[in-house]
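As structure tokens, the structure follows; a few thoughts come after it.
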Amino acid sequence: RKEVEQDPGPFNVPEGATVAFNCTYSNSASQSFFWYRQDCRKEPKLLMSVYSSGNEDGRFTAQLNRASQYISLLIRDSKLSDSATYLCVVTYQKVTFGTGTKLQVIP
Amino acid sequence: GAGVSQTPSNKVTEKGKYVELRCDPISGHTALYWYRQSLGQGPEFLIYFQGTGAADDSGLPNDRFFAVRPEGSVSTLKIQRTERGDSAVYLCASTLGGNADTQYFGPGTRLTVL
């Protein structure tokens, strides 16, 4: 089993839709969790950290489920500018990135 | 302030040659990471420095790859006897403290081995 797994997509959704991504991780001792966004041919940039209590930033909500070992990202009211690859990051003794989930928001 | 910078932005080399890739982290960031990213994949961890020392080099694929950070700031990733399979984007990131902190990435170096 991969350390961090994501559905690569692509997820094609219309503007205004709500879309959710999950990311599973294998190491139950994992300590820190993040979502990064990567635009085509650009470097990854932090979207949000994921806390045990869950956290929300505008249209974005991230949650952590330690029992089932996954994190999720929910995007409400999708915008065209949300089109990107969303990378899940899990840290224990090292930093591990998922392969990313590609989102395409369609007009 | 200045972000993470990487040079060169693109490097084309021939199989068997030696290359050096440079990373200049954000000033004051103690931790520096190197990753390799192939098309359609997430960044693959190579090595992590805390200060001048390599805290974890378990991601280096073989002994052709080596990295240094002699003064705890700028780092150089060195690849000997390059192979076509080394072609990828090499990303550098820095954090203020360590693994639990936000990673700030440079724009990457696109390496093409012919």
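What to note about this one:
- Note on the stretch A:62-107: residues that are on the phi > 0 side of the Ramachandran plot and over 16 Å from the mean Cα position of the chain (by Cα) total 1.
- Any chance B:Y90 is within 17 Å of A:L87 (Cβ to Cβ), among the hydroxyl-bearing types (S, T, Y) and either assigned to a loop (DSSP other than H, G, I, E, B) or more than 10 Å from chain A (Cβ to nearest Cβ) (or both): yes
- The residues of the stretch A:5-53 that are among the aliphatic types (A, V, I, L, M) and not in a strand (DSSP E or B), listed by number, are A:A17, A:A29.
- B:F65 vs. criteria closer than 17 Å to B:K15 by Cβ, crowded, with 17+ Cβ neighbours inside 10 Å and not polar (S, T, N, Q): yes
- Checking each residue in the stretch A:23-42 for being free of Cβ contacts under 8 Å to residues at least 12 places away in the same chain and touching a Lys or Arg at 6+ places or on another chain (Cβ under 7 Å) picks out no residue at all.
- Subset of the stretch A:45-99 that is among the acidic types (D, E) and either surrounded by 14 or more Cβ atoms within 10 Å (Cβ to Cβ) or in contact with a strand residue (DSSP E or B) (Cβ under 7 Å, 6 or more places away or on another chain) (or both) - its residue that is modelled with the highest pLDDT: A:D82
- Residue among A:K45, A:K102, A:K79 that is without any contact (Cβ under 8 Å) to a residue 24 or more places away in the chain and within 27 Å of B:P107 (Cβ to Cβ): A:K45
- Residue check for A:E56: among the acidic types (D, E), within 14 Å of chain B (Cβ to nearest Cβ), more than 24 Å from B:F49 (Cβ to Cβ) and assigned to a strand (DSSP E or B): no
- In the set B:K15, B:K11, only one residue is away from chain A (no Cβ under 14 Å), in contact with a helix residue (DSSP H, G or I) (Cβ under 7 Å, 6 or more places away or on another chain), basic (K, R) and touching a residue at least 60 places away in the same chain (Cβ under 8 Å); that residue is B:K15.
- Condition check for B:P61: within 13 Å of chain A (Cβ to nearest Cβ) and either on the phi > 0 side of the Ramachandran plot or modelled with pLDDT of 95 or more (or both): no
- Residue in the stretch A:48-68 that is of a type outside the set (G, A, S) and closer than 22 Å to B:I47 by Cα present: no
Residue by residue, here is whether (1) at pLDDT 95 or above; (2) within 27 Å of A:E3 (Cα to Cα); (3) aromatic (F, W, Y) holds:
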site: B:E20; (1), (2), (3): yes, no, no
site: B:Y33; (1), (2), (3): yes, yes, yes
site: B:S38; (1), (2), (3): yes, yes, no
site: B:F105; (1), (2), (3): yes, yes, yes
site: B:R110; (1), (2), (3): yes, yes, no
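The values are calculated or read from the model by the stated rules, or taken from the named source; none is laboratory data. Keep in mind the model is a prediction, meaning the values are calculated, not measured. Cβ atoms come from the backbone with ideal geometry, glycine included; neighbour counts cover every protein chain shown.
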